[in-house]
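To start, the structure itself, in structure tokens.
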Amino acid sequence: MFITDIRKEFYEVVANQRVALLVASDIDALCACKILQALFHCDQVQYTLVPVTGWQDLGTAFLEHKEQFRFFVLINCGANVDLLEMLQPDDDSIFFICDTHRPVDVVNVYNDTQIKLLIKQDDDLGVPSYDDIFRDEEDNDEEGGDSGNESDGGSEPSGKRRRFDEVCVEQIRQRQRARREWEARRREILFDYEQYEYHGTSAAMVFFELAWVLTKDTKDMLWWAVIGLTDQWVHDKITHMKYVTDVATMQRHVSRHNHRNEDEENSLSIDCMRISFEYDLRLTLYQHWSLFESICNSCYTSCHFKLWTLNGQKKLQEFLADMGLPLKQVRQKFNSMDMSIKENLRDVIEESSNKYGIKDIRIQTFGVNFGFKNRFLASDMVHAATALLESTEKDDSDSDSFIKALDSLSRSNLDRLHSGIDLAKKKLIAIQQTVASCIYTNLILSQGPFLYCYLMEGTPDVKLFSKPMALTLLCKYLLKAFVHSTRNKRCKLLPLIMAAPKDVEKGTVIVAGIPPESETSDKKNFFGRAFEKAAESTSSRTLHDHFDTSSNRKVLEDQVIELKMEDRTKFLDALITLLS
């Protein structure tokens, strides 16, 4: 059931209770969690935080805590599966679900006792009406009752009984025909509704609006909401129009907070925090790197210049010359550049970018200043926290990585944030080098209805790409680069499927699929359904343990699946047949 008044129907209900917070492993969920934690600390609400990386974790966490807790808050997990069917909870357990994954499971939508959905109704949900997908049990009882009438009334005269039986049989046939038609229509409606997976409004924004309604919103909460929204943009989960609309919403809140604190004495203190709306460059981590390295390792500029080729390197040198920036300046840390260059840098880069056909080099975003020294863009925070969350260090468990990523979002843990930025740089360099290697060695093959690339064991940095978000980022970068480098017009319109070793000891691979490259894409992904069908038809041994798709599908994310190495070939053959 959708909640209409989040304050009354959610917060006031849990404010005097013990609550279990079950939080998925993505940056938006972490930001939403930080906001809710801050609210709970304000009102001294007792809670237990449980990180969950997949459906198995969620099931285990619920079993461990169901005796101690009645109220469960699920962040970015649980909306797209029949949760009551999966967890089999007691009748008094209540689940509050704030989840960006779409489509929302219809059973969750129409359950008005145990499932409470904290989901914005202005998202284009397209939920089928109740009568189209649920049929009252009374209809079934009537059919059963009618068939029972045939055996009753044995004392009636045979002529009357025969006519009565004929009428009953005809009525039953009509009802059965109507039911078959209704079931066929129901299957069609549900297929259309569940065919594509996509994302709705950021969970962090939903909880920030709760804080605003409660008049307990702070600048820290606002910054976390901004990071949650930026995470959706960085990982290409929402359309550009949705991003711009939500940025406008956040901009109003930023203006309100800045205006409110203008006259405060501590607005210029050494530990102050100031959030600002920026029209900044699409150059990843450039304020914490050299400008040259950022241009080389940002997907947007690297693909446009084709930096994996000699001509591309020459073009980049010409671009830098056109801007009139000395090589000594662009190759040193951004913080060490001359102030006279930094002041006009964004305008200079935008002007030269237009000459070289690079449109939209600047994007609407937000920045933050912690005191006088530390400045970060929202995208810097996303890249740093993601690198910590998907750490490949042997000693780090999933829970350790979760806590480190959560800590990096606090301004009191800037050392952790800087270590995340260093990890993010290494990941971006690895992605750029892998893209160049794949294109140089022609690893991208056309398989008919899609492009396919397999990273073999032994490929440099292949361990990094055993994580879903890292592999998906590589996949999107590689497809963009391939579209810029190929002359085959048909291949430019194809989706890409990419595979990499997941766990060599267990003999598993991780496979990602993304739709065709398009600036105007609606960001809806059909690979979840396609992977499910291909796995079923070939009896491929797969793992179904991630929140981006329902648990009865054997899919990691809406576009990522894990399967046995030996099953990879038959799985791909089935996909070719399915998508042809």
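The values are calculated or read from the model by the stated rules, or taken from the named source; none is laboratory data. Quantities reported herein were computed from a predicted structural model and do not represent experimental measurements. We place every Cβ from the backbone using ideal geometry, glycine too, and count neighbours over all the protein chains shown. Side chains included, ligands, DNA and RNA excluded: accessible areas come from the protein's heavy atoms. Shrake-Rupley method; radii C 1.70, N 1.55, O 1.52, S 1.80 Å.
Brief remarks follow.
- For the listed residue pairs LYS480/LYS506; LYS342/LYS425; LYS8/LYS242; LYS476/LYS533; LYS328/LYS404; LYS34/LYS524, the alpha carbons are over 25 angstrom apart in LYS480/LYS506; LYS8/LYS242; LYS328/LYS404; LYS34/LYS524.
- Förster radius 45 Å - calculated FRET efficiency between CYS42 and VAL348, Cβ distance, rounded to 0.05: 0.50
- Highest average first, the peptides 197-203, 337-343, 216-222 ordered by how many other beta carbon atoms sit within 10 Å of their residues are 197-203, 216-222, 337-343.
- Listed residue (THR577, ILE172, THR284) projecting farthest to the positive dipole end of the chain, Cβ model: THR284
- Pairwise FRET efficiency - ASP5 versus LYS359, Cβ, R0 = 35 Å, nearest 0.05: 0.20
- With each label modelled as a point 7 angstrom along the Cα→C-beta vector, the ASP338-ALA178 pair spans 8.4 nm.
- Lys/Arg +1, Asp/Glu -1 at C-beta; the chain dipole; positive extreme among CYS475, GLY312, HIS383: GLY312
- The angle separating the long axis of helix 240-260 from the principal Cα axis of greatest extent in the chain is about 70 degrees.
- Applying Stokes-Einstein at 20 °C and 1.002 mPa s to the Kirkwood radius of the chain, computed over alpha-carbon pairs, gives a translational diffusion coefficient of 82 µm² s⁻¹.
- Just the protein heavy atoms count here, and of the accessible area of the chain at 1.4 Å, carbon and sulfur take up 47 percent.
- R0 of 51 Å, Cβ-Cβ distance ARG487-LYS394: FRET efficiency to nearest 0.05: 0.70
- Accessible area ranking (1.4 Å probe, heavy atoms, ligands and nucleic acids excluded), largest first, for GLU183, GLU390: GLU183, GLU390.
- Each peptide in 406-415, 491-500 gets a packing score, the mean of other Cβ atoms within 10 Å over its residues, and the list from highest to lowest is 491-500, 406-415.
- Average accessible surface area per residue within the stretch 271-318, 1.4 Å rolling probe, Å²: 38
- Fully extending the segment from HIS240 to GLU12, taken as 0.36 nm per residue of separation minus the present Cα-Cα distance, adds 78.6 nm.
- Measuring between their Cα centroids, the stretch 410-425 and the stretch 314-374 lie 23 Å from each other.
- With Cα atoms, 0 to 90° folded angle of helix 414-440 axis to the chain main axis: 80
- Label-to-label distance, nm, for residues given as VAL504 and GLU166 (7 Å Cα→Cβ offset): 7.9
- In the chain, the calculated helix contribution to ellipticity at 222 nm averages -15000 deg cm²/dmol per residue, counting -39,500 (n - 2.57) for every DSSP H run with n ≥ 4.
- Less than 5 angstrom separates the built amide H of TYR454 from those of ALA499, all sequence-distant by 5 or more or on a different chain.
- Simple Cβ-charge dipole of the chain, Lys/Arg +1 and Asp/Glu -1, about Cα centre, in debye nearest 20: 2860
- Estimated inter-spin distance, MET456 and SER518, nm [label 7 Å along Cα→Cβ]: 3.5
- Taking Cα atoms only, the orientation of helix 468-485 departs from the longest principal axis of the chain by about 70 degrees.
- Residue-normalised accessible area of the stretch 444-579, expressed per residue, 1.4 Å probe, Å²: 41
- Chain lengthening between ASN442 and THR113 when straightened (0.36 nm per residue, less Cα-Cα): 112.9 nm
- Packing-based ranking, highest mean first, of 6-13, 433-440 given that Cβ atoms within 10 Å are counted: 433-440, 6-13
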